[in-house]
Amino acid sequence: MRVGVLTGGGDSPGINAAIRSLVRFGATHGVDVVGFLEGWRGPMENLVQPMTMADVSGILHIGGTILGSSRTNPFNETGGPERVIQTMQDNAVDCLVAIGGDDTMGVAHRLAGYGVKAIGIPQTIDNDIALTDYSLGFFSALEAITDALDRLHTTAASHHRVLILEVMGRDAGWLSLMGGVAGGADVILIPEEQFNVDSIFQKIKRRELLRKRFSIVIVAEGATPEGHGGQVVDEAEVDAFGHMRLGGVGQYIANRLSERMKMPVRVTNLAYLQRGGSPAPFDRILATRFGAAAIEFALEGTFDVMTALHGMKIEAVPLGDALGRPRPVPEGLLYMVDLFE
Ligand code: F6P
């Protein structure tokens, strides 16, 4: 059997660990693996390279993806699906493993209707893919956020300031909520609950009355101000899957807080630092398990599914059930937003 692997969408640490596991587990189970470059562009344009044990040696701890990524969507291109199928035939590829988020795995699911055998590995720092406890990359991004908040604490205390940290997560608040708890943020703002600047101001004033020298606010890029009519966007840029580029909510809050506060307010946007660096141990282990499971599913003939973490188990979940549905922070975790209020 020959498996073709591609990595699409926003990258994260852990992808290389999954590629390594596909190749190494495949090698001991009679499965040959080839790599397609730059996400779905690779299968469309026949950008393919063999993946040997030597190619994956020493990449477990390296962030990003050795195959490169893109937000290419074959369904936006004339004859895109047909070109993918032709490339698979030309390279004798039996099935594809698509490592990525909703968009990347969504293409794999749509291609099932063209007879393409594919398996998804859920990967996005946003952790917003349904029917898996965690997506690859989430815990590595959490490490970056926690480290950033630890660093912001020391400088905030030195200058008696309000510091705002804007983090990614698109339409879900997993990174902001869990990162805020891990890093001890004083105010946590997530897309799941609209916010108003006056409430933030009141929280900070209460802290001042307790003689707290500083306050730290963490805000998800997708958090929505009350009365703003939607998310704050930096540029009206839309990607190949129709997603607006988010960004700027931190400055939005700072501008309005500064009008009312004597204490200086400063903004840090963690941006792509959340997507870089070496994978957290959890992600290395999850990636290794996901890669091996994808090979097992292929050998069993189980396709149009994704590898999913359910407690301690890795199970196959139909892509049609998992994709195209939001995965906000569940009600049961929202108590952590203002746990100490
Ligand atoms: O989906 C992962 C993610 O990092 C989101 O959190 C963020 O909004 C988006 O990708 C950024 O997209 P790009 O990498 O195309 O700028």
Taking 0.36 nm per residue of separation between E235 and M1 and subtracting their Cα-Cα distance, the length gained on full extension comes to 79.7 nm
Counting only backbone N atoms under 18 Å from a point 7 Å out along Cα-to-Cβ of A271, the residues of the stretch 225-243 in range are 232-239
In nm, to one decimal, how far is the modelled label at R211 from the one at E193, with both set 7 Å along Cα→Cβ? 2.9
Ranked highest first by the average count of other Cβ atoms within 10 Å around their residues, in what order do 48-55, 241-248, 102-109, 305-312 fall? 102-109, 305-312, 241-248, 48-55
Fully extended, how many nm does the chain gain between M312 and M244 (0.36 nm per residue separation, minus their Cα-Cα distance)? 21.0 nm
Placing +1 on each Lys and Arg Cβ and -1 on each Asp and Glu Cβ in the chain, then taking the dipole about the Cα centre, the residue among G35, L257, Y272 whose Cα reaches farthest towards the positive end is L257
Read phi for every residue in the stretch 205-221 and hand back ³J(HN,Hα) as whole Hz from Karplus 6.51 cos²θ - 1.76 cosθ + 1.60, θ = phi - 60°, with x for Gly and Pro. 4, 4, 5, 4, 5, 8, 6, 6, 7, 7, 9, 10, 10, 10, 9, 6, 4
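For a footprinting-style exposure proxy, rank F340, F25, F138, F195 by other Cβ within 10 Å, fewest first. Each step should come with its number before you reach the end.
On the way: F340 6, F25 19, F138 27, F195 23.
The order, fewest Cβ neighbours first, is F340, F25, F195, F138.
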By average Cβ neighbour count within 10 Å, what is the ranking of 111-119, 152-160 from highest down? 111-119, 152-160
Determine the dipole magnitude for the stretch 140-275: charges of +1 sit on the beta-carbon of Lys and Arg, -1 on that of Asp and Glu, nothing else is charged, the reference point is the Cα centre, and the result goes in debye to the nearest 20. 900
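What number in nm² do you get for the chain if you take the convex hull of its Cα atoms and divide its surface by four? Intermediate values should be presented prior to the final figure.
Details: hull surface 69.2 nm².
Averaging across all directions leaves 17.3 nm² for the Cα convex hull.
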The stretch 140-275: radius of gyration over Cα atoms, expressed as a fraction of 2.2 N^0.38 Å: 1.00
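Length gain on complete extension for the stretch Q86 to D338, per 0.36 nm per residue less the alpha carbon to alpha carbon distance?
Working: separation 252, 0.36 × 252 = 90.72 nm, distance 5.36 nm.
Net length gain for the segment: 85.4 nm.
Evaluate the charge dipole of the chain about its Cα centre and quote only its size in Debye, nearest 20, assuming +1 on the Cβ of each Lys and Arg and -1 on the Cβ of each Asp and Glu.
On the way: 29 positive and 40 negative charges, 242 e Å.
Roughly 1160 debye for the chain.
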Number of Lys pairs (Cα under 29 Å; 8 or more positions apart or on different chains) in the chain: 5
Report, to the nearest 10°, how far helix 249-258 tilts away from the longest principal axis of the Cα atoms in the chain, using its own Cα long axis and a range of 0 to 90°. 0
Once you've got the GNM for the chain with C-alpha springs shorter than 10 Å, pick whichever of Q274, Q194, Q123 has the biggest mean-square fluctuation. Q194
Euclidean distance of C-alpha centroids, the stretch 110-175 and the stretch 306-341, integer Å: 13
Under a crude label model (7 Å from the Cα following the beta-carbon direction), how far is S158 from E331 in nanometres? 4.6
Residue farthest toward the positive end of the dipole of the stretch 101-183, with Cβ of Lys/Arg at +1 and Asp/Glu at -1: which of A108, V167, T146? A108
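Determine the calculated [θ] at 222 nm for the chain from helices alone, applying -39500 (n - 2.57) to every DSSP H run no shorter than 4 residues and normalising by the residue count; nearest 500 deg cm²/dmol.
On the way: 10 runs with 119 residues, N = 341.
The helix contribution divided over the chain gives -11000 deg cm²/dmol.
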Can you give me the Rg/Rh ratio for the stretch 82-220, using Cα atoms for both radii and the Kirkwood formula for Rh? 1.20
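Each value in this text was obtained by applying a stated rule to the coordinates, not by laboratory testing. Treat the numbers as computed from the prediction; the structure is a model and nothing was measured. All Cβ positions, glycine included, derive from the backbone under ideal geometry; neighbour counts span all protein chains shown.
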